[in-house]
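Novice: Have a look at this one before I ask anything.
Since every read-out is calculated from the coordinates, none of them should be taken as a lab result. Note that the structure is a prediction, hence the values are computed from the model and not measured. Cβ: placed from backbone, ideal geometry, glycine included. Neighbour counts: every protein chain shown.
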Amino acid sequence: MTVTFDNNLREIKKILYRLKRQFGLTGYIWRPIVNNNDRRTGRTEREYSIIKIRRAIFLPRKIDRSFIYDLAYIAAAKNFTEGGYFDRNRRTVIIDASDLPNGFDFTDDDYIVFKDKSYLVASHELSEDFNGFLLSIQDLTQSDKFGVSLTVTGTLTPDATAGYVINGKFPAAANTLSYQTLNGSYWIWFDGSDWIISTARGDISGPHWLSATQTGAFAPLNGAVGTATVS
């Protein structure tokens, strides 16, 4: 029994590996860590942590449709299941548990970002062998999407060019928004006197760019090369 179980685990890992090679995409989990409701404006201000997924199995829509149809067909035990084939605003994603932090579990508040497109986790299931997660992710409505608020352009080294979306306030006590790339690699933040582009809020130990204003030309400092233009 133990040998059979171990063999099954190995087979599952092989299948996950093959699927990751064929359909694997780098993605990012955006998880809300702060939800503040402003009673004066009625707006919800959120801050997120970002977890990188090296290769998530992002199934194409055709395979997704077949997968859903087959499950419905088997469950109904009929010759035809009404609504078997249809295009939904959902996609199926499989994530190898080994690509996530130990003990990680999804919540329905998590967002998934692939190729600058964001999705809400509609449902999630952990396999019985704890090797992987099966996710159903929902295309976000326009009002729910992570809207790019600032864009950095230029010929820069290191490359900080990207669209930046609002991610919390910095410092926390200040009423100043901070902005982050969807892959979590760079921030635009205010230090109390200047605006800065760097890999971490509050940290200018590495290459970074600086400006007295939020938009416009940012000067390179500490090994950064090229003028960054924020618009």
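Novice: Against the definition (over 23 Å from the mean Cα position of the chain (by Cα), within 25 Å of ASP110 (Cα to Cα) and of a type outside the set (Lys, Arg)), how does THR155 come out, yes or no? Working first, answer last.
Specialist: Values: over 23 Å from the mean Cα position of the chain (by Cα): yes; within 25 Å of ASP110 (Cα to Cα): no; of a type outside the set (Lys, Arg): yes.
No: the conditions fail for THR155.
Novice: State which residue is surrounded by the most Cβ atoms within 10 Å (Cβ to Cβ) when the search covers only region 146-195 and only residues that are outside any strand (DSSP E or B) and of a type in the set (Phe, Trp, Tyr). Please lay out each step first, then the result.
Specialist: Here is the first cut: in region 146-195, the residues outside any strand (DSSP E or B) are 146-147, 154-156, 158-161, 170-176, 182-186, 191-194.
From what's left, of a type in the set (Phe, Trp, Tyr): 146, 170, 186.
Working: PHE146: 19, PHE170: 19, TYR186: 23.
Checking each candidate, the answer is TYR186.
Novice: Now, a different point. Just for region 196-226: of the residues that are among the hydrophobic types (A, V, I, L, M, F, W, C) and within 24 Å of ILE50 (Cβ to Cβ), which one is surrounded by the fewest Cβ atoms within 10 Å (Cβ to Cβ)?
Specialist: Taking the candidates together, the pick is ALA200.
Novice: Using the structure shown, decide if LYS117 is farther than 30 Å from ARG10 by Cβ, surrounded by 18 or more Cβ atoms within 10 Å (Cβ to Cβ) and basic (Lys, Arg). Full working, then the answer.
Specialist: Details: farther than 30 Å from ARG10 by Cβ: yes; surrounded by 18 or more Cβ atoms within 10 Å (Cβ to Cβ): no; basic (Lys, Arg): yes.
Here the answer is no, as LYS117 does not meet what is asked.
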